[in-house]
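To keep things clear, I will list the structure first and then write my remarks on it.
The values are calculated or read from the model by the stated rules, or taken from the named source; none is laboratory data. This structure is a prediction, so every number in the text was calculated from the model and none was measured. Cβ sites come from the backbone with ideal geometry, for glycine too, and all protein chains shown count toward neighbours.
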Amino acid sequence: MTRGTLKSTIVALAAVAAASGGMLGPSPASAQTSWKMHIVWVPARPEAKDYKKFADLVNERAKGKLKIDLHPGGSLGVKDIDMLRILPAGNVIQIAGLYPGYMTRDVPEYTVTLPPGVVKEPERMVGALPALTRIYEETYNKWGIKLLGYIMHPVRDTHIMCKEPISSLAQLKGKKLRVWEKFHVDTFAKLGVAAQVIGQNDLYVAMKTGVVDCAVYPIGFATTISLQEVAPNASYLFPYVLHPLNIIVSKKAFDALPTDVQKIVADAAQQVQKGTIDNYLKGTYDREAFGEFTAKGGKQIEAFPEADQAAFTKTAREVWEATAKELGPKATQSRAAVLKALGG
């Protein structure tokens, strides 16, 4: 082959590659310009709206260098319980929203890191974030995941929602109570109340058919599953303080981004974190949700007596301590760190 023929051949191959949109293989930079983001929450949930705000901020500021496609409702087929095993590779999904409590299969101590009901004042939650960050990052660093920030739970209050008006532990005894995790089964059992775990998607039918008489549930989320239709009476019992929701990303995918795009992603996460913390402290979403709950037929009755609220918190803390000891030193250390950050 002559020099002229070789040159012509190279030029022709380059033209074919360009015309085919890079069929000979994308560059590493272009392979990272589109991310899939998994969240389990459906679009109507306020948490999903906050995650969407994060994705929208990144997409707007990245100006084509990175696009995050948000997939709500678990539509990608990813299970949160498998997140530590799926996310690090950065091929199925590159970024996700996660409630840390779903990691308990692989990290059992998260069962008692910050269980619901152990904190009496919701404002203390913010003070615990640095301690929680250290706990989460120890796990994420081990698995190849980066913690970008938090989405604070939009609601502050947890209620006992029943078919008939119930506003004391004495009235609750003898009723069949729905809870969302085993920690509450154990806590209510010590208070003489029988409880069982029922998932959110099954709760409406369980209440309607008499499987349960009452449910531990925030008014703030009630109308998202029409719970006011079958359990219209809501009485406050304890603050909705538990693991904050995480914004996490495959470290492999994040490290492949240009430095300026990494900063865009990190800054957007921090902006959304600050906004959700502010709303949580102000109780913004609760006030709006309570109005909708009432307008749709729900009724906010008197709260559980102070003595009952104190008894519930005391019992939850006893279960917290006992369960941590059962799980071993790591769980005990995490509990101690969070308890100190909460102010005891």
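Is it the case that GLY149 is touching a helix residue (DSSP H, G or I) at 6+ places or on another chain (Cβ under 8 Å), closer than 28 Å to LYS282 by Cα and surrounded by fewer than 17 Cβ atoms within 10 Å (Cβ to Cβ)? So GLY149 fails the test. Residues of the stretch 44-66 that are free of Cβ contacts under 8 Å to residues at least 12 places away in the same chain and closer than 25 Å to ASP286 by Cα: LYS49, ASP56. The residues of the stretch 83-115 that are without any contact (Cβ under 8 Å) to a residue 60 or more places away in the chain and under 15 Å from the mean Cα position of the chain (by Cα), listed by number, are TYR102, MET103, THR104.
Can you tell me which residue among LYS49, LYS63, LYS7 is out of contact with any Lys or Arg (no Cβ under 6 Å at 6 or more places or on another chain) and modelled with pLDDT under 85?
Exactly one residue qualifies, and that residue is LYS7.
One line per residue, one yes/no per condition, for (1) crowded, with 17+ Cβ neighbours inside 10 Å; (2) under 30 Å from LEU66 (Cβ atoms); (3) of a type outside the set (Gly, Ala, Ser):
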{"site": "MET161", "(1), (2), (3)": "yes, no, yes"}
{"site": "GLU164", "(1), (2), (3)": "no, no, yes"}
{"site": "GLY174", "(1), (2), (3)": "no, no, no"}
{"site": "VAL205", "(1), (2), (3)": "no, no, yes"}
{"site": "VAL211", "(1), (2), (3)": "no, no, yes"}
{"site": "THR224", "(1), (2), (3)": "no, no, yes"}
{"site": "GLN228", "(1), (2), (3)": "yes, no, yes"}
{"site": "ALA268", "(1), (2), (3)": "yes, yes, no"}
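Can you find a residue that is part of a loop (DSSP other than H, G, I, E, B), in contact with a strand residue (DSSP E or B) (Cβ under 7 Å, 6 or more places away or on another chain) and farther than 14 Å from ILE145 by Cα anywhere in the stretch 86-108? Scanning the stretch 86-108 turns up at least one residue that is part of a loop (DSSP other than H, G, I, E, B), in contact with a strand residue (DSSP E or B) (Cβ under 7 Å, 6 or more places away or on another chain) and farther than 14 Å from ILE145 by Cα.
The selection criterion, being among the hydrophobic types (A, V, I, L, M, F, W, C), in a strand (DSSP E or B) and at pLDDT 95 or above, does not hold for ILE264. The set of residues in the stretch 315-344 being surrounded by 15 or more Cβ atoms within 10 Å (Cβ to Cβ) and out of contact with any helix residue (DSSP H, G or I) (no Cβ under 8 Å at 6 or more places or on another chain) consists of ARG317, LEU339.
Just to be sure, is ALA206 free of Cβ contacts under 8 Å to residues at least 60 places away in the same chain and small (Gly, Ala, Ser)? Here the answer is yes, as ALA206 does meet what is asked.
Quick one: which of GLN228, GLN270 is more than 27 Å from ARG105 (Cα to Cα), touching a residue at least 24 places away in the same chain (Cβ under 8 Å) and either touching a helix residue (DSSP H, G or I) at 6+ places or on another chain (Cβ under 6 Å) or in a loop (DSSP other than H, G, I, E, B) (or both)?
GLN228
Only a single item in (1) in a strand (DSSP E or B); (2) assigned by TED's automatic domain parsing to the domain that holds GLN94 is not met by LEU237, and it is number (2). Quick check on my filter: what residues within the stretch 109-124 are surrounded by fewer than 24 Cβ atoms within 10 Å (Cβ to Cβ), farther than 17 Å from LEU245 by Cβ and in contact with a strand residue (DSSP E or B) (Cβ under 8 Å, 6 or more places away or on another chain)? Across the stretch 109-124, the qualifying residues are LYS120, GLU121.
Can you find even one residue in the stretch 116-128 that is in contact with an Asp or Glu (Cβ under 9 Å, 6 or more places away or on another chain), hydrophobic (A, V, I, L, M, F, W, C), on the phi < 0 side of the Ramachandran plot and touching a residue at least 40 places away in the same chain (Cβ under 8 Å)?
So far as the stretch 116-128 goes, no, none of its residues is in contact with an Asp or Glu (Cβ under 9 Å, 6 or more places away or on another chain), hydrophobic (A, V, I, L, M, F, W, C), on the phi < 0 side of the Ramachandran plot and touching a residue at least 40 places away in the same chain (Cβ under 8 Å).
Restricting the stretch 176-203 to residues that are under 21 Å from PHE312 (Cβ atoms) and of a type in the set (S, T, N, Q) leaves a set whose member that is surrounded by the fewest Cβ atoms within 10 Å (Cβ to Cβ) is GLN196.
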